[in-house]
1. Could you order the peptides 354-362, 27-35 from most to least packed, using the average number of other C-beta atoms within 10 Å per residue?
2. Between segment 49-105 and segment 135-166, what is the separation of their alpha carbon centroids in Å?
3. Return P(r) of segment 321-365 (all Cα-Cα pairs; 5 Å bins starting at 0; whole %; ordered from short to long distances).
4. Per the Kirkwood formula on distinct C-alpha pairs, the Rh of segment 251-363 is how many angstrom?
5. Counting pairs of alpha carbon atoms under 8 Å apart in space and at least six apart in sequence, what relative contact order in percent does segment 41-84 give?
6. Going by average Cβ density within 10 Å per residue, which order do the peptides 305-314, 79-88, 66-75, 48-57 take, highest to lowest?
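No value in this document is a laboratory result; all are computed from the given coordinates. Every value quoted in this text rests on a predicted model; they were computed, and no experiment measured them. Counting neighbours? That spans all protein chains shown, and the Cβs are built from the backbone with ideal geometry, glycine included.
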Ligand code: ADP
Ligand code: MG
């Protein structure tokens, strides 16, 4: 009897080990910009000499009423910590396994979290100017599509045929906008409060229980080049929407979704994966007190959706019966990918190294630490689902 128990225990342990690590957190510190180099105060961020340690230390100094300066250092540890000089190439090397998982039929989410200006868009997409950027500068979205292309051609030799379909939406003030709508339709019409019924996007569950977006433009990503076209159109739609509010892109989440459906014409096997690449709204604490009108609404929407994201991850990790997906459009949209027992989630916490950002960096690192302590698959298994 003991031996049976021991075998069972070991088997359970192995299962848990297997499921562990389906949420990972990578921390990326961006370089100081030229405009920040004049700030001569000591840098608050310190990384160990040895990169493999994956640690980061943040020191905060504060001056009390008597002029006495005290400082407090907090250490953090993540699955990976990238120093400012780390290239897009280096970062993508650690992500490519996850991209392969989406091709193998897993639901995958990669988030970029951090205050405005911390490097989220640089990480997910690349430099702002799409078009004539050098390949070295490309971020995760174009590299992911390139890799998927290279791999589908290899898999084709073994009978696999893939259909790739992309959509790109922005969530602003708890409203979805279509970034791939024919130029001027997605962004501009929704900017006017009259609202064009035809372009109103809604999240719904289809008859198979899949989360879908009604009226969204889906694009067959039939070549690696197609993604550049797609990013350019998204950038254009964003600009149209931004005329009234320049900082809008930092106040909205953008979610690029690629559905990857494969069938093997030789064996009859099939696979269905989904890759979500999410550039989150700036996480900076915006005080509710000082803002009013549109600003207040934006602030509340961002606070709500970022905290909902944390709540959903925590609820999944605890194996809670009720997962509060419906508390924000972001979590509702990602419900299927985040909740699936086999889903894989990676969060980049992006950090601005300048002294002026120390407080925000601390908040980001604390949020990321909370996410890092969650393991969704393990808890779901324990909860028996
Ligand atoms: P966010 O999207 O978080 O607001 P950005 O990605 O726009 O931030 O980055 C802010 C600025 O810092 C941009 O000018 C960007 O080019 C630069 N930047 C960000 N990360 C890096 C990096 N790893 N290397 C070089 N420049 C970077
Ligand atoms: Mg950005």
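1. On the way: 354-362: 19.1, 27-35: 16.6.
Per-residue mean Cβ counts within 10 Å order the peptides as 354-362, 27-35.
2. 29
3. With 5 Å bins starting at 0, P(r) equals 5, 18, 17, 14, 15, 14, 12, 5, 1.
4. 16.6
5. 37 percent.
6. Answer by packing, highest mean first, reads 305-314, 79-88, 48-57, 66-75.
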